[in-house]
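Here is the structure we will look at.
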Amino acid sequence: MKRILLSGLLLASIASGAAAQSELRGLSTYSYLGVGIPNDYRSSFAASMGVTGVALSNRVGTSFANPALYSNAYFTTAGGGLTYRNLNAEDNYGTSSNSQADALALQLVFPLLREKVGFSFGMLPVTENSYSITTPLETVSGSDTIRYNSTLAGRGGLNRLEAGIGIKVTEWLSVGYAPSLVLGTLRNSESVLFASSGYYNYNRESVLSNIGFGNRFGVFASRQKLLAKNDAFTFGATYSLPVRLNSDLLRKRSQQINGETQVESQKIGRGENELPGEMIFGMSYSPNSYWLTTAEVVRQDWSGYKDFDGTTPAYLKDRMRVGAGLQFIPSGRSESFFSNFLYRAGVSYDNGHLELSNTAISTVLFSAGIGIPSRAPGSSVDLSFDYGFRGTTSHDLVREQIFNFRVSFNLSELMFLQRKIE
């Protein structure tokens, strides 16, 4: 009877979020669905322009955005950094705030033939699963009022370990290919903690381990003197094939009885997930050496996603993200201190891969930042900021206010050579 009551309480805690104010924590409340929130990798110099950078060639920064760009490598370069993220979540019954710091993608780029053939190796996140929803509830059983906290929580995600090669076919055309190993673990748990004696605290966790192989293709083209004497136009595109993931599912259940914790584990077996394919198209135009504008479209076919049981959840839909931005380089126009930096800004709109209560969970993001070139050629530090919103409070959903700050480092081989002449 207690197990039956416990199951009823757990279902009630999920369905009756309106009964009490919930505490929302983590990267995003919406990451509890599917395999988490998709992570659009954005190169250090493109992040503050609202794009991933498939059409942006930069000799002072690494980039996973387009494997064709590896052909432009001139120095051996290492890229990485840190990000600080703050999320304020709001529903019709309350608000909460959470912050966390994480490492950015790590990448090494080697010129096999300078500005002709380049090789890259590194790791970056594909999806992120990070949430915690705690709701204080109560119910009446006979003459007793039972108070308890229901918590849904998740952590983990999928990562891509990727190697890639870019080849310059002609002076204006490059192609690239990047195979990868996609792997990661998703942990989702449900727990109930009773304030009243006589009821057993309960926790149930599912652990889904995934591994699969991915394939990504890229093309990059550039033309100069297209409309004016000093202008430049670039085009870039990538296509990622769907990734079939071999998955192992383990379920754990623990219950505290008379001060002792009893744990049961059950291996459900092996299944398959299938991540959707992805296409990215981008272009940029630079009328002179001071200004650059860029625009990009990202499409992911989440309606073709398959979960562990081989089905496509009804809440998934195809996703499209559009972004545009600009860059200003004042160097050469003045000798002021501020002319040493690169200034960038952009905006993006993401219609989201989720649809709940006939409402798309969309995201609007405003970005800005500066680039700080190093005295050593090929190296730089990039600072970027994001501010935006995801979701809505209508239909008992959650609206999230997003603030991100990134510090990215690009260190070339010349950073480690001692200067003989200053």
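Since every read-out is calculated from the coordinates, none of them should be taken as a lab result. No experiment lies behind these values; they were computed from the predicted model shown. Here Cβ is always computed from backbone atoms with ideal geometry, including for glycine, and neighbour counts include all displayed protein chains.
So if I take the centroid of the Cα atoms in the stretch 298-320 and the same for the stretch 191-256, what is the distance between those two points in Å?
Between the Cα centres of the stretch 298-320 and the stretch 191-256 lies a distance of 12 Å.
Is the shape of the stretch 173-212 best called rounded, prolate or oblate, per the rule: a/c under 1.5 gives rounded, else a/b larger than b/c gives prolate, else oblate, with a ≥ b ≥ c the square roots of the Cα gyration tensor eigenvalues?
prolate
Which links in LYS168/LYS225; LYS252/LYS306; LYS267/LYS317; LYS267/LYS306; LYS168/LYS229; LYS168/LYS317 stretch past 28 Å when you go from one Cα to the other?
LYS267/LYS317; LYS168/LYS317, as the Cα separations exceed 28 Å there.
Give me the net charge for the shell around PHE389: Cβ to Cβ below 13 angstrom, other residues only, Lys and Arg +1, Asp and Glu -1.
Residues close to PHE389 contribute a combined charge of -2.
Mind running the shape call on the chain? Use the C-alpha gyration tensor, a ≥ b ≥ c as the square roots of the eigenvalues: rounded below 1.5 for a/c, prolate if a/b tops b/c, oblate otherwise.
Here the chain falls in the prolate category.
Against the longest principal axis of the chain, how steep is helix 2-15, in degrees 0 to 90 to the nearest 10, with axes from Cα atoms?
40
Sort SER209, SER303 so the one with the fewest other Cβ atoms within 10 Å of its own Cβ comes first.
In order of increasing Cβ crowding within 10 Å: SER303, SER209.
Using θ = phi - 60° and the Karplus form 6.51 cos²θ - 1.76 cosθ + 1.60, what ³J(HN,Hα) does each residue of the stretch 340-345 get, whole Hz, x for Gly and Pro?
Coupling constants for the stretch 340-345: 7, 10, 10, 10, 9, 7 Hz.
Take the Cβ-Cβ distance between THR95 and SER303 as r, set R0 to 45 Å, and report the resulting FRET efficiency rounded to the nearest 0.05.
According to the calculation, E is roughly 0.85.
Given +1 on the Cβ of Lys and Arg, -1 on the Cβ of Asp and Glu, and no further charges, what dipole in debye does the stretch 2-416 carry about its Cα centre, rounded to the nearest 20?
800
For every helix of n ≥ 4 consecutive DSSP H residues, a contribution of -39,500 (n - 2.57) applies; sum these over the chain, divide by its total residues, and give [θ] at 222 nm rounded to the nearest 500 deg cm²/dmol.
Value at 222 nm, helices only, nearest 500: -1000 deg cm²/dmol.
Just the Cα atoms of the stretch 186-248, one point each, no solvent: what log10 I(q)/I(0) does Debye give at q = 0.20, 0.23 Å⁻¹?
-0.89, -0.98
Please compute the net charge surrounding ARG399, taking Lys and Arg as +1 and Asp and Glu as -1 over other residues with Cβ under 13 Å from its Cβ.
The answer is -3.
Taking +1 at the Cβ of each Lys and Arg and -1 at the Cβ of each Asp and Glu, which of LEU124, SER339, LEU152 sits farthest along the dipole of the chain towards its positive end, judged by Cα position relative to the Cα centre?
SER339
With the convex hull built on the Cα atoms of the stretch 280-377, state its orientation-averaged projected area in nm².
Averaged projected area of the stretch 280-377's Cα convex hull equals 9.5 nm².
Please name which of LEU316, ASN246, TYR290 has its Cα lying farthest along the dipole of the stretch 191-344 towards the positive end, using unit charges on Cβ (Lys, Arg +1; Asp, Glu -1) and the Cα centre as origin.
Of the listed residues, the answer is TYR290.
Which listed residue (GLN327, VAL51, PHE220) has the Cα farthest towards the positive end of the charge dipole for the stretch 2-416, taking +1 on Lys and Arg C-beta and -1 on Asp and Glu C-beta about the Cα centre?
Looking along the dipole axis, the top candidate is PHE220.
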